[in-house]
Amino acid sequence: PMETERHRAQMNQLIDSLTIATRDRDDLYVSGNMFVYFSPEQVKNQDFRGPDVFVVLGTTKKERLSWVLWEEWRLPDVVIELTSASTRHEDHVTKKRIYERVWKTAVYVIYDPLTQELEGYRLDGGRYVRIEPDPTGAIDVHVLGLRLGVRDVPVSPAIGPPALCWIDTLGAPLPDVVTFHARAEAERARADGEKARADGEKARADGEKARADGEKARADGEKARA
């Protein structure tokens, strides 16, 4: 279970924003809070974890009940754990060791939504090395061509800032679900407005043509009577 409401909202924000940003791609899978089974004996009663957020590259995008190594033949390339005082040791020791030495996850990120502490590790020579943050405090997630950073944006419509966000190459946070749909609705309204204006212009042009045809018909009638 997620530690707090903020933890749950932060998890959803990270999953949903990346899912939206990669909606046109079919070569990766984004999920979280879901079991990943990796038993060498190919059994589901041992060797499993449930990362808060994870991304798998080089796979297909489809619904899954769980991620099973011996069915997918891949393990996550990126893992994010939303830590807390009660899970800090496990996230920094037990899980880190599994992601580093067993899963060989390329990028492992640990973030505390309550304190905004952010740290990341990348696999280098089979061992994790700390990812140094850039001047804005963001860390590079090189396998996705994105960064992760804490920004002054709401975590959800009900929970205020700050939030851990995916950041694009221009330095802008990827839009969350609410922002994405608001922008899509604004774009649709703009397109509808443009169409209405175009329809109005056409109606006015048709009216002008009808008046011109009427004038011509009256002139032709006058000429005929004369």
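A few notes on this one:
- Residue-level analysis places E81 among those that are open to solvent by less than 30 Å² (accessible area, probe 1.4 Å), among the acidic types (D, E), under 20 Å from C165 (Cβ atoms) and touching a residue at least 24 places away in the same chain (Cβ under 8 Å).
- Number of positions in the range 171-188 that are modelled with pLDDT of 55 or more and over 15 Å from L148 (Cβ atoms): 5
- The range 84-105, residues that are free of Cβ contacts under 8 Å to residues at least 40 places away in the same chain and open to solvent by 40 Å² or more (accessible area, probe 1.4 Å): A85, R88, H89, E90, H92, V93, T94, K96, R97, R101, K104
- Scanning the range 106-137 for residues that are in contact (Cβ under 8 Å) with a residue 40 or more places away in the chain and either part of a loop (DSSP other than H, G, I, E, B) or exposed (fewer than 12 other Cβ atoms within 10 Å of the Cβ) (or both) yields P113, L114, Q116.
- Taking the range 1-54 as the range and being among the aliphatic types (A, V, I, L, M) and either crowded, with 19+ Cβ neighbours inside 10 Å or closer than 19 Å to L174 by Cα (or both) as the test, the residues that pass are A9, M11, L14, I15, L18, I20, A21, L28, V30, V36, V53.
One line per residue, one yes/no per condition, for (1) in contact (Cβ under 8 Å) with a residue 12 or more places away in the chain; (2) assigned to a loop (DSSP other than H, G, I, E, B); (3) within 20 Å of Y108 (Cβ to Cβ):
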residue: Q10; (1), (2), (3): yes, no, yes
residue: L14; (1), (2), (3): yes, no, yes
residue: V30; (1), (2), (3): yes, no, yes
residue: M34; (1), (2), (3): yes, yes, yes
residue: Q42; (1), (2), (3): yes, yes, no
residue: V56; (1), (2), (3): yes, no, yes
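- All conditions but one from (1) within 30 Å of G145 (Cα to Cα); (2) modelled with pLDDT of 65 or more; (3) open to solvent by 100 Å² or more (accessible area, probe 1.4 Å) apply to K223; the one that does not is (1).
- With respect to the conditions (1) under 21 Å from G126 (Cα atoms); (2) assigned to a loop (DSSP other than H, G, I, E, B); (3) charged (D, E, K, R), K95 lacks only one, and its number is (2).
The values are calculated or read from the model by the stated rules, or taken from the named source; none is laboratory data. Note that the structure is predicted; figures quoted are calculated from it, not measured. Note: ideal-geometry Cβ built from the backbone for every residue, glycine included; neighbour counts use all protein chains shown. The area values use the complete protein model at the heavy-atom level, side chains included, leaving out ligands, DNA and RNA. Shrake-Rupley method; radii C 1.70, N 1.55, O 1.52, S 1.80 Å.
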